[in-house]
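Just so it is clear, none of the values below were taken in a lab; they were calculated from the coordinates. Here the structure is a predicted model, which is why all the values come from computation and not from measurement. Methodologically, a virtual Cβ is constructed for each residue, glycine included, from the backbone with ideal geometry; neighbour enumeration extends over all protein chains shown.
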Amino acid sequence: MSLKDRIQEDRKAALRAGDKPRLAVVGMLLAAVKQREVDERTETTDAHVLKIVEKLIKQRQESAAQFAAGNRPELEQQELAEAEILKAYLPAQLDAAALEALIEQAFQETGAATMKDMGKVMAWLRDRAQGQADFAAVGERVKARLTGR
């Protein structure tokens, strides 16, 4: 079953159960997937759906931070709850050792040695660990290694 099919089934289940918060989030996710299909005139793959999920999670986290700064804890909690619902569609996260091994393999296979090679390393990692790691943190690790820190 594709990720898109799973999301559609989860929408049906939330509708049957009367789970309005989950229904709203899953419906929004399906709308984003459909929008991408219409914009690109193509069927989305699991990789595309993962990118959409990651983007929506990041948006929710940024909104939560803004609500926290604006002293709006109820809206902050709502955004964080939506992000948690979306995280269910991400694959299992890599542990620190597995991520470090993957970064090491990326450096070996790309031959990266300078900051100019960071794009190659990140593209290699994104192909293999999409949705399984926080790429902001991965980018910091790669950057530190390339600069010798």
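What does the C-alpha gyration tensor say about the overall shape of the range 3-87? Classify as rounded when a/c is under 1.5, otherwise prolate if a/b is larger than b/c, or oblate. Because a/c hits 1.5 or more and a/b fails to exceed b/c, the range 3-87 counts as oblate.
Identify the trypsin sites (Lys or Arg not before Pro) of the range 40-91 meeting these criteria: DSSP loop state and at most 14 other C-beta atoms within 10 Å of the C-beta. List each step's numbers first, then the result.
Numbers: sites: 41, 51, 55, 58, 60, 87; in loops: 41.
Here the trypsin sites (Lys or Arg not before Pro) that fit, given the DSSP loop and packing criteria, are 41.
The calculated FRET efficiency for the pair residue 47 and residue 71, based on their C-beta separation and a Förster distance of 30 Å, comes to about 0.20.
Using Cα extents along the principal axes in Å as the read-out, say which of (1) 53, 35, 24; (2) 37, 34, 29; (3) 53, 41, 30 was calculated from these coordinates. Comparing each candidate, only (3) matches the computed number. Net charge dipole, the range 3-87: roughly 160 debye, given to the nearest 20, about the Cα centre with Cβ charges of +1 for Lys and Arg and -1 for Asp and Glu.
Relative to the longest principal axis of the Cα atoms of the chain, helix 73-87 runs at roughly 70 degrees.
What the phi angles of the range 6-21 give under the Karplus curve with 6.51, -1.76 and 1.60, with θ = phi - 60°, is a coupling list of 4, 5, 5, 5, 5, 5, 4, 5, 5, 5, 5, 7, x, 7, 4, x Hz, glycine and proline written as x.
A straight line joining the Cα centroids of the range 1-74 and the range 118-149 runs 25 Å.
Sequentially through the range 121-134, phi angles give Karplus couplings (6.51, -1.76, 1.60; θ = phi - 60°) of 5, 5, 5, 4, 5, 4, 5, 9, 10, 4, x, 9, 7, 7 Hz, Gly and Pro residues having no value and appearing as x. Compared with the dominant Cα axis of the chain, that is its longest principal axis, helix 96-110 is turned about 60°.
Using Cα pairs closer than 8 Å and at least 6 residues apart in sequence, work out the relative contact order for the chain, in percent. Computed value for the chain: 20 percent relative contact order. When the Cα positions of 108, 80, 132 are compared along the charge dipole of the range 76-149, 108 comes out farthest toward the positive end, with charges on each C-beta of Lys, Arg, Asp and Glu. Taking Lys and Arg as +1 and Asp and Glu as -1, the other residues whose beta-carbon sits under 13 Å from that of residue 114 total +3.
Which value at 222 nm does the chain reach when only helices count, each DSSP H run of 4 or more adding -39,500 (n - 2.57), with the total divided by all residues and rounded to the nearest 500 deg cm²/dmol?
On the way: 7 runs with 115 residues, N = 149.
Rounded to the nearest 500, the figure is -25500 deg cm²/dmol.
Taking the Cα centre of the chain as origin and assigning +1 to Lys and Arg Cβ atoms and -1 to Asp and Glu Cβ atoms, the resulting dipole is close to 200 debye.
In order along the range 34-49, the Karplus-derived 3J(HN,Hα) couplings, from 6.51 cos²θ - 1.76 cosθ + 1.60 at θ = phi - 60°, round to 4, 4, 5, 4, 5, 4, 9, 6, 8, 7, 7, 9, 4, 5, 5, 4 Hz, and Gly and Pro are given as x. May I ask you to derive the relative contact order of the range 96-147, considering only C-alpha pairs under 8 Å and at least 6 residues apart, and to give it as an integer percent? Normalised by residue count, the contact order of the range 96-147 is 42 percent.
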